[in-house]
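Enquirer: I'd like to ask some things about the structure below.
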Amino acid sequence: MSPIPEAPDALVERHARAGRSLVAILHAIQDDAGYVPPGCVAPLAKALNLSRAEVHGVITYYHHFRTTPPARVTIQMCRAEACRSMGCETLAAHAEARTGCRFDTTHGNAAHDGAAHGAEPSAVALESVYCLGLCAQSPSMMVNGVLHAKVSPEKFDALVTDALAHAKEPA
């Protein structure tokens, strides 16, 4: 059985401290919960003497923050110039075909048909990033925060299979 997610008020109470910026608090909440629950907006606004619109604006402005639970496996693929020159766009097309997901869309959306490829909806999210610092070993990507270099379609398949086998069930 999955643990019960922490209440938004409790998350805000634990992380909202005098002198701490809204962005730092949002990072701390996301680190704890895996995302910033929408229920945190009003308590954060009150705690920091901001409007709900200001808090919501910061959450939606920064691409890093998510307002829904993350996929079990998050793949961030470098799409910058060095990786493009070494075939990342071909690898990206393979990743979409293999997972049934599309890059930079909310996981679990209608475009996701991962069941045909052995991945249930919300299991995998594909995200574009621009430079992971492995330009000399491109194409590169991260799987659940772990860097991988010189990724081929075969290596991609093995990494996804392993990540799905070892990923925690959603909370």
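Enquirer: Would you pull out the residues with amide H under 5 Å of residue 68's amide H, same chain only if 5 or more places away, H placed 1.01 Å from N?
Expert: It is 36, by chain and number.
Enquirer: While we're on this one: In the chain, what percent of the accessible surface is made up of carbon and sulfur (1.4 Å probe, ligands and nucleic acids excluded)? Mind dumping the intermediate values first?
Expert: Numbers: 5280 of 9500 Å².
Here carbon and sulfur together make up 56 percent of the probe-accessible area.
Enquirer: Still on this structure, I have one more. Work out which chymotrypsin sites (Phe, Trp or Tyr not before Pro) in the chain are exposed loop sites (DSSP not H, G, I, E or B, at most 16 other Cβ within 10 Å) and give the longest gap free of them.
Expert: On the way: sites that count: 62, 65, 130.
Between the exposed loop sites, the longest stretch runs 66-129.
Enquirer: Another one. Of 98, 79, 52, which has the largest mean-square fluctuation in a 10 Å C-alpha GNM of the chain?
Expert: Among 98, 79, 52, the largest GNM mean-square fluctuation belongs to 52.
Enquirer: Against the longest alpha carbon principal axis of the chain, how many degrees, from 0 to 90 and to the nearest 10, is the axis of helix 88-99 turned?
Expert: Between the helix axis and the principal axis of the chain, the angle is about 80 degrees.
Enquirer: Cross-link partners among lysines for residue 168, C-alpha distance below 25 Å, same-chain residues fewer than 8 apart left out?
Expert: 155
Enquirer: Taking K and R as +1 and D and E as -1, what net charge do the other residues with C-beta under 15 Å from the C-beta of residue 41 add up to?
Expert: Numbers: positive: 46, 52, 66; negative: 9, 13, 54.
Cβ neighbours under 15 Å give a net charge of 0.
Enquirer: Turning to a different aspect of this structure: In what sequence, largest accessible area first, do 157, 31 appear using a 1.4 Å probe? Numbers along the way, then the final one.
Expert: Details: 157 45, 31 120 Å².
So the residues, ranked largest to smallest area, are 31, 157.
Enquirer: If I fit a long axis through the Cα atoms of helix 22-33 and take the longest principal axis of the Cα atoms of the chain, what angle between them do I get, 0 to 90°, rounded to 10?
Expert: For helix 22-33, the angle is close to 60 degrees.
Enquirer: Out of all DSSP beta bridges with both ends in the chain, state the antiparallel percent to the nearest 5.
Expert: Details: 6 of 13 bridges.
Roughly 45 percent of the DSSP beta bridges within the chain come out antiparallel.
Enquirer: How big is the accessible area of residue 96 in square angstrom, nearest 10, if you roll a 1.4 angstrom probe over the protein chains?
Expert: That residue has around 70 Å² of solvent-accessible surface.
Enquirer: Dipole of the chain, Cα-centred, from +1 at each Lys and Arg C-beta and -1 at each Asp and Glu C-beta, to the nearest 20 debye?
Expert: Numbers: 14 positive and 17 negative charges, 74 e Å.
Magnitude of the dipole: close to 360 debye.
Enquirer: Continuing with the same structure: Just to verify a number: what accessible area does residue 128 come out at with the full protein assembly present, 1.4 Å probe, Å² rounded to tens?
Expert: Roll a 1.4 Å probe over it and residue 128 shows about 20 Å².
Enquirer: In addition: At what distance in angstrom do the alpha carbon centres of the stretch 124-152 and the stretch 1-71 lie from each other?
Expert: So the two Cα centres are separated by 27 Å.
The values are calculated or read from the model by the stated rules, or taken from the named source; none is laboratory data. Predicted, not measured: the structure shown is a model, and the values here were computed from it. Glycine gets a Cβ as well: all are built from the backbone with ideal geometry, and neighbour counts include every protein chain shown. Just the protein is used for accessible areas: all its heavy atoms, side chains included, with ligands, DNA and RNA removed. Shrake-Rupley method; radii C 1.70, N 1.55, O 1.52, S 1.80 Å.
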